[in-house]
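Reviewing the structure listed below.
Each reported figure results from applying straightforward, stated rules to the coordinates on display, with no laboratory input. Everything numeric here is computed off the predicted structure, so don't read it as measured data. With ideal geometry, Cβ positions are generated from the backbone for all residues, glycine too; neighbour counts draw on all protein chains shown.
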Amino acid sequence: MKDNRSAYNSNIYDENIVNTLPYYREFHGQIIDLVNKLGYKDVDWLDTGCGTGTLAGMVFDIRDDVKFTLCDPSQSMLEQAKEKLSGKDIRFINASSQQLEFKDEFDVVTAVQSHHYLKSDERRIAVKNCYNALRENGVFITFENIRMSTDESDAIALSRWTGFMTDHGKTDEDVKNQLERRGVEVLPITIEEHIKLLRECGFKSVDLLWTSYLQAGLWAVK
Ligand SMILES: C[S@@+](CC[C@H](N)C(=O)[O-])C[C@H]1O[C@@H](n2cnc3c(N)ncnc32)[C@H](O)[C@@H]1O
């Protein structure tokens, strides 16, 4: 039994994720650069599905004006984050994005690889809760595995992902497990579907931040 909804238990997550997800480190760098450019000062930042706290750790390396709230439905992921970020003044909350009840509290809300487990109705609640949690002009930034526009293009993406994992030391069994999660445990949607949902949740601007053959980042301003 896994201790969270990612493919790896929390204590081996960090060492495995970089060899499983292409561009994993790029996501956090893109988010930090965008937030820096948006110019918020004394930032209230909610990271939902924070996992082991990688994003917050990277922000603390370069900024000292950020107050983090880190949420995750997995208590064991939160324990890893607490250990990694020990000594930092952080609010930790054991909750999923569907359970968040914040109102107008944050400048930045991030969800990195944490909403692609959700069915359509759950996903809508999660995104709406992120919207509600933001102040006016606050930004929601999400990165996820995406689905391509056709089965044929999706198959190419998966073939390229297989190549990445194999080149990074994953066994045939590991690769098979990852591919079998898609459509069952991981429910990716297309970029168009992301944009439509963000607009329907009320965001006044919705833009693509970054994309690869397998993942996308979007940013949306309240
Ligand atoms: C692949 S990890 C990503 C962790 C982290 N954001 C990162 O960048 O490494 C997925 C995380 O999403 C969390 N998660 C699963 N379902 C969630 C939900 N409904 N709302 C928020 N987080 C969720 C998992 O517990 C796990 O920590």
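Which distance in nm do the two modelled labels at Val184 and Arg91 give, with both placed 7 Å along the Cα-to-Cβ direction?
For Val184 paired with Arg91, the spin-label model returns 3.9 nm.
Gain in length, Ile12 to Glu122, computed as 0.36 nm per residue apart minus the alpha-carbon separation, to one decimal in nm?
Working it through step by step, the gained length comes to 36.8 nm.
Taking Cα pairs under 8 Å and at least six residues apart, what relative contact order does the range 68-199 come out at, in percent?
It comes to 23 percent, rounded to a whole number.
Just subtract the alpha-carbon distance of Glu83 and Asp33 from 0.36 nm times their residue separation and send over the number in nm, one decimal.
15.5 nm
Between Ile146 and residues 5 or more places away or on another chain, which pairs have amide H atoms under 5 Å apart, with H built 1.01 Å from N, and which residues are they?
Result for Ile146 returns Gln215, Ala216.
Identify which of His28, His168, His116 has the largest mean-square fluctuation in a Gaussian network model of the chain, with springs joining Cα atoms closer than 10 Å.
Comparing His28, His168, His116 in a Gaussian network model of the chain, the most mobile one is His168.
Ratio of alpha-carbon Rg to the 2.2 N^0.38 Å globular estimate for the chain, to two decimals, please.
Compactness ratio reported: 0.97.
For the chain, what is the mean residue ellipticity at 222 nm derived from helices alone (per DSSP H run of n ≥ 4: -39500 (n - 2.57); sum divided by total residues; nearest 500 deg cm²/dmol)?
The helix-only estimate for the chain comes to -13000 deg cm²/dmol at 222 nm.
Could you list, in their original order, any pairs among Lys37/Lys204; Lys103/Lys204; Lys67/Lys103; Lys2/Lys88; Lys176/Lys196 whose Cα atoms are separated by more than 23 Å?
Lys2/Lys88; Lys176/Lys196
How far apart, in nanometres, would the label points at Ile191 and Ser149 be if each is projected 7 angstrom from Cα along the Cα-to-Cβ direction?
It works out to 0.9 nm between the two label points.
Any aspartates and glutamates with Cα under 13 Å of the Lys82 Cα? List them, leaving off those in the same chain fewer than 8 positions away.
Reachable aspartates and glutamates: Asp72.
In whole Hz and in residue order, list the ³J(HN,Hα) couplings for the range 185-200 that follow from phi through the Karplus curve 6.51 cos²θ - 1.76 cosθ + 1.60, θ = phi - 60°; x for Gly and Pro.
So the J values, rounded to whole Hz, are 9, 10, 10, x, 10, 7, 4, 4, 5, 4, 4, 4, 5, 4, 5, 5.
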